[in-house]
Structure formats: C-alpha cells, structure tokens
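Notes follow once the structure below has been shown.
The values are calculated or read from the model by the stated rules, or taken from the named source; none is laboratory data. Worth saying up front: this structure is predicted, and the values here are computed from it rather than measured. Neighbour counts are summed over all protein chains in view; Cβ atoms, including those assigned to glycine, are modelled from backbone coordinates with ideal geometry.
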Amino acid sequence: MSSNNVLSQLTFTKRVAKRAQYEALEFSLTTRGVLVRNTSHAKPADHEYLVTVRNGIPIACECPADARYDGACKHRVGVAIRTPLLQAATDHSLVADGGTQIENNPETHVEDSASDQPADCDCDELGGFPCWPCVRSGRRDLPEE
C-alpha cells in the first residue's frame, strides 16, 4: 500500500501534515505498534505516544490531540508518510498475529559488532527493521520501498 493511498484514508489538517514532516519525530517499532517520540521538546520522554497500525493504516494514537480533535494527529500522519516504517509496522503486526515473517533484505542487513553498535541499539526487537540509532549512525540503512 503506498503512502498516498494511506493518506487518502486519513483526515487531517494542513497544519498537522506540516508538523508531521518538520518536527523531530523518532520512531520505534514495538509489538503493540509504533512508538513515536517528539524530540523537538525539551523533555522528549514526556512526548512519546503509541500509534496503533491495523491493515496498513495508523488508526489510533495515545496522544491527547488524537482524542481531542477530529482527524488524525501528527504522530499518525508521521507514521503514514514514512512508507518503509509503515510497511515494517504492518509486517510486524502480521507476524505477531500468527503470519510469517518476510526474509530480511540481504543488501541492507549488517552483521552486529559490539564495537560499532550504538549503546541504545534495539534492532533485535524490531523484526529485521533497523532502529533509529543505527540508521543515524550509518550502521544500518532503511529498507527501500
């Protein structure tokens, strides 16, 4: 499913779309969904919310804005516009529901080495998807669409 198709299934304002693109959002894939942390804030840990993805669509977020306002929040839109992340979340939920895991792309897989692994690496928990510390450090690449 392309991100354009996903976005057509969400209702959101232009302001939300812009914020989803320019704010410093970090994403972590979990067994329950995508954890989104907004590092634009002075205390990012106070701005961390779980986005639930079902059938390739970010359907809910635990943030106050998602409950308070009509339409999708910036966290849901942020997940929706990042196609590799959305695909990984969809694949991960299929595996968690009893599906089968897709083989890792051998071109993007890098063997772990304690010497170049960031201290906050959590790639092992992401079902083959690289964690953001490894992507930022250049140790791992995001999968291509």
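List of remarks:
- Any chance residue 37 is without any contact (Cβ under 8 Å) to a residue 40 or more places away in the chain and out of contact with any His (no Cβ under 7 Å at 6 or more places or on another chain): no
- Enumeration of residues in the range 86-111 that are at pLDDT 60 or above and either in a loop (DSSP other than H, G, I, E, B) or of a type in the set (Ser, Thr, Tyr) (or both): 90, 93
- When the range 1-34 is filtered for residues that are within 12 Å of the chain's Cα centre (by Cα) and within 17 Å of residue 136 (Cα to Cα), the ones remaining, listed by number, are 25, 26, 27, 28, 29.
- Qualifying positions in the range 46-85 - in a loop (DSSP other than H, G, I, E, B) and in contact with a Leu (Cβ under 8 Å, 6 or more places away or on another chain): 56, 62, 71, 72, 81
- When residues in the range 61-84 are screened for being aliphatic (A, V, I, L, M), within 13 Å of the chain's Cα centre (by Cα) and surrounded by fewer than 21 Cβ atoms within 10 Å (Cβ to Cβ), 1 of them pass.
- Residues of the range 44-65 that turn out to be out of contact with any helix residue (DSSP H, G or I) (no Cβ under 7 Å at 6 or more places or on another chain) and farther than 21 Å from residue 122 by Cβ, as a count: 5
- Residue check for residue 54: without any contact (Cβ under 8 Å) to a residue 24 or more places away in the chain and closer than 20 Å to residue 12 by Cα: no
- Test for residue 141: is it more than 20 Å from residue 51 (Cβ to Cβ), modelled with pLDDT of 65 or more and surrounded by 13 or more Cβ atoms within 10 Å (Cβ to Cβ): yes
- On the stretch given as the range 1-59, residues that are charged (D, E, K, R) and more than 17 Å from residue 86 (Cα to Cα) total 8.
- Count - residues of the range 1-58 that are small (Gly, Ala, Ser) and surrounded by 14 or more Cβ atoms within 10 Å (Cβ to Cβ): 6
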